[in-house]
Structure formats: C-alpha cells, structure tokens
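Dropping a structure here in structure tokens format, bear with me for questions.
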Amino acid sequence: MTKRTNTATQINGRWMIKVQKNGARRTFYSSKPGRAGLREANAKADAWLDGDITDQRSRVRQLWPDYLADVEARSGYSNYRQIKSIGEAYVLPLLGSRVVADLTVGDLQSLVNKAYKHGAYNSTGTRPLRSGETLSRKTLKNLVFVLKNFLKYCRVIAHATTLNPETLCVPSGSRLNEKHILQPEALQTLFDSDLTTFRGKPRRDELIHAYRLAVLTGLRPGELIGLRWGDITPNDTSLHLRRAINIHGEETHGKNENAVRAVPLTAYSRSVIAAQRAHTLAEGCCVTANEPVFDISCEQTFLKRWYRYCAANDIDKVTLYELRHTFVSIASLLPVGEVKGIVGHSRNMDTFGVYGHRVKAYDQVLSDDLYEVFERLLG
C-alpha cells in the first residue's frame, strides 16, 4: 500500500492533488468549497493509492478479449454476441488504446454521449460510420450496462482499476424507438381470416393460432416457439411458461427471472388452443407433453410467415414483438400489477409506459371515464 505524502492545493477555484504509484501518475479534483473539497480530493487520491491494482498499464483492447471470454463462459451465445458487437462498434474504437487504470467516469460518459449523437464508429474511432444516426434509449442502456460490467471485470477479476462508474447514465434526450400495434380493424381481420398466400396462391396459414395466441396472452416470440403441450394445465386454464427458444436456437429459461411464470387463459385463448390441438391431431401429429404446440423452426421463419400473412390480409406490418405490445395496450384498463405478472415484467418495469400504445377504440371509453371524474368533482 502506497502512502500519500502531499495534500491537495486549491487552483483556479477547485482542489487538486497529484499522486504517484508504481510509476503511474494520477490527478484528482474536487469542486467543493473550503475544507470539504480538500478532504474529498485527498480521499480520492487515498482510495486510488490503497486500491488493489496489480495490473497498472493494461489497455482496454488487451483486457476486452479476456472479458468476452468470461462473458461467454457465464452466459449464452446470444448475450455474448450482443456484447461483442457493442465492443466492436463503440468500446474498442473509442477507448481501445486507453490504459484501463487511467479511465474516469467522464471518459465513459463521453463515450456514451458520442454513441448517442453519432451511432457506431469506424475501427480507429476517428469518424462515425453513419453521420447523424442517434441511438435509441434501449441501445444506450445496453451500452451503459456493458461498460459497467466491463469495468467490474477489470476491477474485480483483472485488478486493473479501482473505478466503479455507478453514476454512468443514458443521455436524458434519448428516446425509445417508436412501436406500433394492431388496431381494432386489423385485430378483427386476424381473428376472421385464416388465409395467407404461398407462391402467389391463397392457402390456410399453419401458424394462424400462434399469431392469435401472441395477441391474447402477450407471450414473447421465443416463448411461443418453446411452448409445449405439457405446459398447458388441464382444462386449458393457464400456461406454465418454463422455457424460450432464442434467435440462435438455444433453449433458455426466458429473458429474465420473471419469464418463468403462469399465464391465465381467457375463453378466447382457450378456444385458440383447442383449435390448434384439433388441427395438430388432424395432421396426424401428437399432442403429448413434450411435443411443441406450434411447428416453428426458428424465430426468423416465424417472422417471415407473419409478414406474409400481413401482406395477404392487407394488415399494416408490425413485428412479432409488437403483437406483445398490442396485448399490453389492450390490457391497459386492467390493474398494472396484474398485467406485469401475465407478461413477465419486474416490479420496476414501466409496463404501460414502454409497451402501452394508443388503441383507437379506447378513445370513447377514456372520454366517458374523464366525464364521470369531472362530474363527481364539479357536480
């Protein structure tokens, strides 16, 4: 442990102290007035000097492959691939040559701000790949998570820094990507028409009940693909979700810890499941516990078939995930706690804020409700 022999001095209205350890020099500041600023600057220097940093000069590009290997060992391929792409687009171009021990929260926040303003960068970090492209709030949250996780690895495993960037945040001006839902006219078509097209000719869509169940239950696409007949309780009263199939064909326990859940079934969803069971038996297939409810090879095929159905029935194209948004929007008149349990959201998730969108048929309902509120207030 290195002992500090100097103390902070006040320069241009703020406190500053320079310290050295194992040949590395760092400068720490505090903008607090008076002795509070003196103590804060000295405390920052002491924390660095006392820190267990055994790797003084490793750069980000040297530790990043080790971090990726750790991620791959502890999680699925899908998560590894996402983190790897974030590193290639933002972390390595903008911070790759930096010494990890010299990084500050300001450096990391600057990276997030640049990504927000300009999107991905070229390999040297000298220019954006697509000028003027701003990132969505969700992508920026993923970037912040990866940076914090990488610094945690560098701090706890590699002992290359003492920095804990807990104040790193997403720029306040960022916005969620605009989502769309099926409006009542499209919903009516979905439940009236079984037809799609194949090679230019009309035919029955084999996945029609999967589309309908997505709207009726809010299941994620991977959860529908992973659904087994044994997950449906006797008398079709509820679904017990235990697994999901991700875009790489991996079977997982779902997106998060709330994904394993029970989903109650309404009369509508029970009739859809009964129709799918009858269709499966008519095709000569089994409905035993371990057999899939829907014959869907992968999520890409699922999406392609859904888009084909939309085109054949003159429905404005929405994604499979936006069918989930449709369910939450329709359920927005229910208590939020009930909806969270059905869709597998955490207590802190803003379910209606993120997933709820305007359903035109609710306009008059909301108008009537507001009238009743004002009637009670104004007499």
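Does LEU108 qualify as being closer than 17 Å to LEU143 by Cα and in contact with a Gly (Cβ under 7 Å, 6 or more places away or on another chain)? Outline the logic, then answer.
Details: closer than 17 Å to LEU143 by Cα: yes; in contact with a Gly (Cβ under 7 Å, 6 or more places away or on another chain): no.
Here the answer is no, as LEU108 does not meet what is asked.
Which condition does ALA69 not pass, out of (1) open to solvent by less than 80 Å² (accessible area, probe 1.4 Å); (2) over 37 Å from the mean Cα position of the chain (by Cα); (3) without any contact (Cβ under 8 Å) to a residue 24 or more places away in the chain, if it passes all the others?
Unmet condition: (2).
So, in segment 286-305, exactly how many residues are open to solvent by less than 30 Å² (accessible area, probe 1.4 Å) and out of contact with any Asp or Glu (no Cβ under 9 Å at 6 or more places or on another chain)?
Going through segment 286-305, the residues open to solvent by less than 30 Å² (accessible area, probe 1.4 Å) turn out to be 293-294, 296, 302.
So of that shortlist, the ones also out of contact with any Asp or Glu (no Cβ under 9 Å at 6 or more places or on another chain) come out as 296, 302.
Looking only at that region, the number is 2.
Residue under question is THR288, and the condition is that it be hydroxyl-bearing (Ser, Thr, Tyr), touching a Phe, Trp or Tyr at 6+ places or on another chain (Cβ under 8 Å) and within 18 Å of TRP229 (Cα to Cα); does it hold?
Values: hydroxyl-bearing (Ser, Thr, Tyr): yes; touching a Phe, Trp or Tyr at 6+ places or on another chain (Cβ under 8 Å): yes; within 18 Å of TRP229 (Cα to Cα): yes.
Yes.
Looking at the structure I just gave you, is THR217 touching a residue at least 12 places away in the same chain (Cβ under 8 Å) and under 25 Å from SER297 (Cα atoms)?
Working: touching a residue at least 12 places away in the same chain (Cβ under 8 Å): yes; under 25 Å from SER297 (Cα atoms): yes.
Yes: the conditions hold for THR217.
Separate question: Have a look at PHE327, PHE352 and point out the one that is modelled with pLDDT under 50, over 30 Å from ARG199 (Cα atoms) and part of a helix (DSSP H, G or I). Walk me through how you get there before you give the answer.
Details: PHE327 fails: modelled with pLDDT under 50.
Answer to the selection: PHE352.
Select from segment 306-319 the residues that are surrounded by fewer than 20 Cβ atoms within 10 Å (Cβ to Cβ) and assigned to a helix (DSSP H, G or I) and list them in ascending order.
TYR307, ARG308, CYS310, ALA311, ALA312
Could you tell me whether any residue of segment 285-300 is within 30 Å of the chain's Cα centre (by Cα), of a type outside the set (Val, Ile, Thr), assigned to a loop (DSSP other than H, G, I, E, B) and under 26 Å from ARG81 (Cα atoms)?
Going through segment 285-300, the residues within 30 Å of the chain's Cα centre (by Cα) turn out to be 290-300.
Filter once more, so that each one left must be of a type outside the set (Val, Ile, Thr): 290-292, 294-295, 297-300.
This time we only want the ones that are assigned to a loop (DSSP other than H, G, I, E, B), so: 290-291, 294-295, 297-298.
The next check asks that each one be under 26 Å from ARG81 (Cα atoms); those that pass are 297-298.
Checking segment 285-300: at least one residue is within 30 Å of the chain's Cα centre (by Cα), of a type outside the set (Val, Ile, Thr), assigned to a loop (DSSP other than H, G, I, E, B) and under 26 Å from ARG81 (Cα atoms).
Consider SER238 against the criteria (1) among the hydroxyl-bearing types (Ser, Thr, Tyr); (2) closer than 23 Å to ILE181 by Cα; (3) modelled with pLDDT under 85: it satisfies all of them except one. Which criterion is unmet?
Unmet for SER238, out of (1) among the hydroxyl-bearing types (Ser, Thr, Tyr); (2) closer than 23 Å to ILE181 by Cα; (3) modelled with pLDDT under 85: (2).
To continue, here is another question. When residues of segment 15-49 are filtered for being open to solvent by less than 60 Å² (accessible area, probe 1.4 Å) and touching a helix residue (DSSP H, G or I) at 6+ places or on another chain (Cβ under 8 Å), how many remain?
Selection size over segment 15-49: 9.
Something else about it: Can you work out which of the residues in segment 72-88 that are in contact (Cβ under 8 Å) with a residue 24 or more places away in the chain and open to solvent by less than 60 Å² (accessible area, probe 1.4 Å) is farthest from HIS248 (Cα to Cα)?
GLY87
Next question. How many residues are in contact with a Ser or Thr (Cβ under 8 Å, 6 or more places away or on another chain) and without any contact (Cβ under 8 Å) to a residue 40 or more places away in the chain if we restrict to segment 237-253?
Total meeting the criteria: 4.
If you don't mind, another one. Are any residues in segment 95-119 touching a Phe, Trp or Tyr at 6+ places or on another chain (Cβ under 8 Å), crowded, with 17+ Cβ neighbours inside 10 Å and at pLDDT below 90, and if so, which ones?
Of everything in segment 95-119, just one residue is touching a Phe, Trp or Tyr at 6+ places or on another chain (Cβ under 8 Å), crowded, with 17+ Cβ neighbours inside 10 Å and at pLDDT below 90, namely ALA115.
Filtering segment 247-257 down to residues that are in contact with a Lys or Arg (Cβ under 9 Å, 6 or more places away or on another chain) and either part of a loop (DSSP other than H, G, I, E, B) or under 17 Å from ASN290 (Cβ atoms) (or both), which residue is modelled with the lowest pLDDT?
Here is the first cut: in segment 247-257, the ones in contact with a Lys or Arg (Cβ under 9 Å, 6 or more places away or on another chain) are 248, 251-255.
Of the ones still in play, those that are also either part of a loop (DSSP other than H, G, I, E, B) or under 17 Å from ASN290 (Cβ atoms) (or both) are 248, 251, 253-255.
Working: HIS248: 78, GLU251: 84, HIS253: 75, GLY254: 64, LYS255: 59.
By that ranking, first place goes to LYS255.
Among the listed residues THR189, THR161, THR167, THR197, identify the single one that is surrounded by fewer than 18 Cβ atoms within 10 Å (Cβ to Cβ) and in contact with a Lys or Arg (Cβ under 8 Å, 6 or more places away or on another chain). Break it down into steps so the answer makes sense when it comes.
Numbers: THR189 fails: in contact with a Lys or Arg (Cβ under 8 Å, 6 or more places away or on another chain); THR161 fails: surrounded by fewer than 18 Cβ atoms within 10 Å (Cβ to Cβ); THR167 fails: in contact with a Lys or Arg (Cβ under 8 Å, 6 or more places away or on another chain).
On inspection, the qualifying residue turns out to be THR197.
For segment 50-66, which residues satisfy the criterion of being under 15 Å from LEU163 (Cβ atoms), open to solvent by 60 Å² or more (accessible area, probe 1.4 Å) and at pLDDT 90 or above?
Selection gives ARG59 alone.
Is it the case that segment 200-216 has a residue that's at pLDDT below 85, within 16 Å of SER269 (Cα to Cα) and out of contact with any Lys or Arg (no Cβ under 7 Å at 6 or more places or on another chain)? Can you show your working first?
Just the residues of segment 200-216 that are at pLDDT below 85, to begin with: 216.
So of that shortlist, the ones also within 16 Å of SER269 (Cα to Cα) come out as 216.
With out of contact with any Lys or Arg (no Cβ under 7 Å at 6 or more places or on another chain) added as a condition, the list becomes 216.
Looking through segment 200-216, at least one residue is at pLDDT below 85, within 16 Å of SER269 (Cα to Cα) and out of contact with any Lys or Arg (no Cβ under 7 Å at 6 or more places or on another chain).
Within segment 228-240, restricting attention to residues that are closer than 15 Å to ALA274 by Cβ and out of contact with any Asp or Glu (no Cβ under 9 Å at 6 or more places or on another chain), which residue is most open to solvent (accessible area, probe 1.4 Å)?
First pass over segment 228-240, keeping only residues closer than 15 Å to ALA274 by Cβ: 229, 232-239.
Among the residues that remain, those that are also out of contact with any Asp or Glu (no Cβ under 9 Å at 6 or more places or on another chain) are: 232-238.
Details: ILE232: 19, THR233: 26, PRO234: 107, ASN235: 135, ASP236: 20, THR237: 73, SER238: 20 Å².
Going through the qualifying residues, I end up with ASN235.
The values are calculated or read from the model by the stated rules, or taken from the named source; none is laboratory data. Small disclaimer: the values here were computed from a predicted structure and weren't measured. All Cβ positions, even for glycine, are placed from backbone atoms using ideal geometry, and neighbour counts span all protein chains on display. All accessible areas refer to the heavy atoms of the entire protein, side chains included, with ligands and DNA or RNA removed. Shrake-Rupley method; radii C 1.70, N 1.55, O 1.52, S 1.80 Å.
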